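**Student:** Here it is, the structure, as structure tokens.
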Amino acid sequence: MTDFTFDGVDTSTFNSLLEQYPTCVPDKLKSLDEHRFKGLPAVLAERKVAGKVYLAKEEVATLVDWKLSHGTFRPALKGLVLQNSPEFVLEVTTDGLSTSSDDDFEARLKTLCKLKGIGPATASLLLAVNDPERVPFFSDELFRWAFWKDETASRWDRKIKYTPKEYRELVARVAEFRSRVEGVSAAEIEKVAYVLGKREQDLAIVGEVSQPKAAKDDVETKPSTKRKANPEEAVSAGSEKPKSRKVANAPETQ
């Protein structure tokens, strides 16, 4: 039986799932995906060479567009982000991305969360595009895959608090995964988690991974009330999101 668990998936299965990622992204969102995974990381790499890493206001806004396209759509969030002045975005992102302690993720999250509309999950996205090899985006699918437990309350639909503490634990789990499965990046692990979360009905759990169906253009916005199955019995969706709290900079719910 193929093992799809975070601690058990092998390199071959991982690569098979990774190849399916492009089919999970609707055509209308592919340009955003290209910018998030290739364009912007390349720009930030050039800025590192120049000695100053930062994100411009429009770059942060585009990342928020990408995040909303991959999770629950909240139009008010983009509006809050746009309330930040270009000068303040430059100041905060320079502090958050150019910190002298690369591994002090909680401090960097705290700095980036000074921006309006930016909570820990979005702040982790800013960190992830700056270091896609090591730093994971705090996505629902990745967190639930990494911390899935064979208990009713801790399956793929488990609640997420979106706290710096949870993110620190996720960073550690991703580091463990990368030490076990050589040659994979944090961004690739995130993509595989997204596939598992979106394609639970399309994956054959015995033998080899099946070909997925066409991607849906609609973004799920309602949380599921269904009980989710063990990943070794049925790969279940992590795309459902818990209800959000109406506080601008409170821990996010994607």
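The values are calculated or read from the model by the stated rules, or taken from the named source; none is laboratory data. Since this is a predicted model, take the numbers as computed values, not measurements. No Cβ is skipped: glycine too gets one built from the backbone with ideal geometry, and neighbour counts run over all protein chains shown.
**Student:** Limited to segment 106-152, what total is found for residues that are surrounded by fewer than 24 Cβ atoms within 10 Å (Cβ to Cβ), among the basic types (Lys, Arg) and modelled with pLDDT of 90 or more?
**Tutor:** 4
**Student:** Of the residues that make up segment 1-9, is at least one under 27 Å from Val192 (Cβ atoms) and not in a loop (DSSP other than H, G, I, E, B)?
**Tutor:** So in segment 1-9, the residues under 27 Å from Val192 (Cβ atoms) come out as 1-9.
Narrowing the set further to residues that are not in a loop (DSSP other than H, G, I, E, B) leaves none.
So far as segment 1-9 goes, no, none of its residues is under 27 Å from Val192 (Cβ atoms) and not in a loop (DSSP other than H, G, I, E, B).
**Student:** Now for a separate question. Would you confirm whether or not segment 81-92 contains a residue that is aromatic (Phe, Trp, Tyr) and in a helix (DSSP H, G or I)?
**Tutor:** yes
**Student:** Here is a further query. Take the residues in segment 101-130 that are assigned to a helix (DSSP H, G or I) and small (Gly, Ala, Ser), then tell me which one is nearest to Val89 (Cα to Cα).
**Tutor:** Among them, the one singled out is Ala123.
**Student:** Does Val49 meet the test of being of a type outside the set (Ser, Thr, Tyr) and surrounded by 13 or more Cβ atoms within 10 Å (Cβ to Cβ)?
**Tutor:** no
**Student:** Turning to a different aspect of this structure: Looking for something over 20 Å from Tyr167 (Cα atoms), without any contact (Cβ under 8 Å) to a residue 24 or more places away in the chain and either touching a Lys or Arg at 6+ places or on another chain (Cβ under 9 Å) or not in a helix (DSSP H, G or I) (or both) - is there at least one such residue anywhere in segment 56-69?
**Tutor:** Taking every residue of segment 56-69 in turn, at least one turns out to be over 20 Å from Tyr167 (Cα atoms), without any contact (Cβ under 8 Å) to a residue 24 or more places away in the chain and either touching a Lys or Arg at 6+ places or on another chain (Cβ under 9 Å) or not in a helix (DSSP H, G or I) (or both).
**Student:** I would also like to ask the following. Of the residues Lys191, Lys165, which single one is at pLDDT 85 or above, surrounded by 21 or more Cβ atoms within 10 Å (Cβ to Cβ) and in a helix (DSSP H, G or I)?
**Tutor:** Of the residues listed, the single one that is at pLDDT 85 or above, surrounded by 21 or more Cβ atoms within 10 Å (Cβ to Cβ) and in a helix (DSSP H, G or I) is Lys191.
**Student:** State all residues of segment 171-183 that are part of a loop (DSSP other than H, G, I, E, B) and either in contact with a helix residue (DSSP H, G or I) (Cβ under 6 Å, 6 or more places away or on another chain) or crowded, with 23+ Cβ neighbours inside 10 Å (or both); if no residue qualifies, say none.
**Tutor:** Across segment 171-183, the qualifying residue is only Val181.
**Student:** Among the residues of segment 33-63, count how many are at pLDDT below 95 and farther than 13 Å from Asn130 by Cα.
**Tutor:** The number of residues fulfilling the criteria is 2.
**Student:** I've got another one for you. Quick check on my filter: what residues within segment 3-12 are surrounded by fewer than 18 Cβ atoms within 10 Å (Cβ to Cβ) and either charged (D, E, K, R) or touching a helix residue (DSSP H, G or I) at 6+ places or on another chain (Cβ under 9 Å) (or both)?
**Tutor:** Those that are surrounded by fewer than 18 Cβ atoms within 10 Å (Cβ to Cβ) and either charged (D, E, K, R) or touching a helix residue (DSSP H, G or I) at 6+ places or on another chain (Cβ under 9 Å) (or both): Asp3, Thr5, Asp7, Asp10.
**Student:** In segment 16-55, which residues are out of contact with any helix residue (DSSP H, G or I) (no Cβ under 6 Å at 6 or more places or on another chain), part of a loop (DSSP other than H, G, I, E, B) and at negative phi?
**Tutor:** Pro26, Lys52
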